[in-house]
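Notes follow the structure.
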């Protein structure tokens, strides 16, 4: 079945469909609390509550920052109380895949030096509490891969109807990370691998032969993420979605092939996370916004978009707090 909203202790009808969509938190508890309080939320149990609004988290609660368990506890409390919804981010997927045996003596996400280093902050937070580690990973699996609310859509990185359709067909309509989907998604070359990569990490294309760039973790990459919604991006450089420091390494050659996913301007608003943007928050398109502005790095921001039902998104609806 499709993921449903959690049970709530709110009175029926006590909140309208007015949402504050919060980008990737990455273990930064002080900024999360400050952002919620700036938007009028008050502490409620282990979470926060607003009398008239709810949060939608874009995922990526974990890795990088020092408050891993605290962020998970806060977000989970809000979801379970009905004060928030959330989708899965690629870092929650990685946590699940790293934890889960693959049936062949390894794990769905191999436990090697690189993956362990990327995941170390989360592992350290649970190193003396295996039961809590399993409980956190089990909760991550309750998070849907996307939300389609009719008037608003939410996904971590890319709204790809073809991938969504195949996932629902495989799982009898469910948009959760089921067992079969999880196992196959760890095997490069399967459609399940490609679908999870696209939804949670974005569309990628190979750079022309001889070209590469360094990503934010100084890894050399021969493939780049693209502005998959941008029909006006006709070259590799204009389609590039990555660190500004790498732009000069991206060729301005014409880009061809399947690098776009159609998202029409009359489709309902779509909110993304994932992309570690910089600068002043603003919509990517009239009906597409990203709320990930790199709070995981020094001088980054934790950003929210305050949605009140509008079809055309507006720069003045973003709220942010600078990393402390």
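The numbers here are math on the coordinates, done by the rules we state, and not lab data. These figures come from a predicted structure and were not determined experimentally. Glycine also receives a Cβ, built like all others from the backbone with ideal geometry; neighbour counts cover every protein chain displayed.
Points worth noting:
- Scattering profile of region 12-104 at q = 0.11, 0.14, 0.16 Å⁻¹ [log10 I(q)/I(0), Debye over alpha-carbon scatterers]: -0.32, -0.50, -0.63
- Evaluated at q = 0.10 Å⁻¹: base-10 log I(q)/I(0), Debye formula over Cα of region 33-180: -0.39
- Rounded FRET efficiency, nearest 0.05, which uses the C-beta distance separating residue 115 from residue 324 and R0 of 30 Å: 0.55
- For region 82-142, the fraction of alpha-carbon pairs in successive 10 Å shells from zero, as %: 21, 53, 23, 3, 0
- Dmax and Rg, reported as Rg then Dmax, of region 174-324 (C-alpha, Å): 16.7, 47
- Per-residue ellipticity at 222 nm, computed for the chain from helices alone with -39500 (n - 2.57) per DSSP H run of at least four residues, works out to -7500 deg cm²/dmol.
- Between region 225-239 and region 50-72, the Cα center-to-center distance that results, in Å: 30 Å
- At full extension, residue 249 and residue 209 could sit 13.1 nm farther apart than now, given 0.36 nm per residue minus the alpha carbon distance.
- Using a Förster distance of 35 Å, the FRET efficiency for residue 297-residue 169 (Cβ separation, nearest 0.05): 0.35
- Cα centroids of region 263-324 and region 82-144: 26 Å apart.
- Between residue 220 and residue 34, the FRET efficiency estimated from the beta carbon spacing at R0 = 41 angstrom works out to 0.65.
- For region 223-283, diffusion coefficient by Stokes-Einstein and Kirkwood Rh (Cα), 25 °C, 0.890 mPa s, µm²/s: 190 µm²/s
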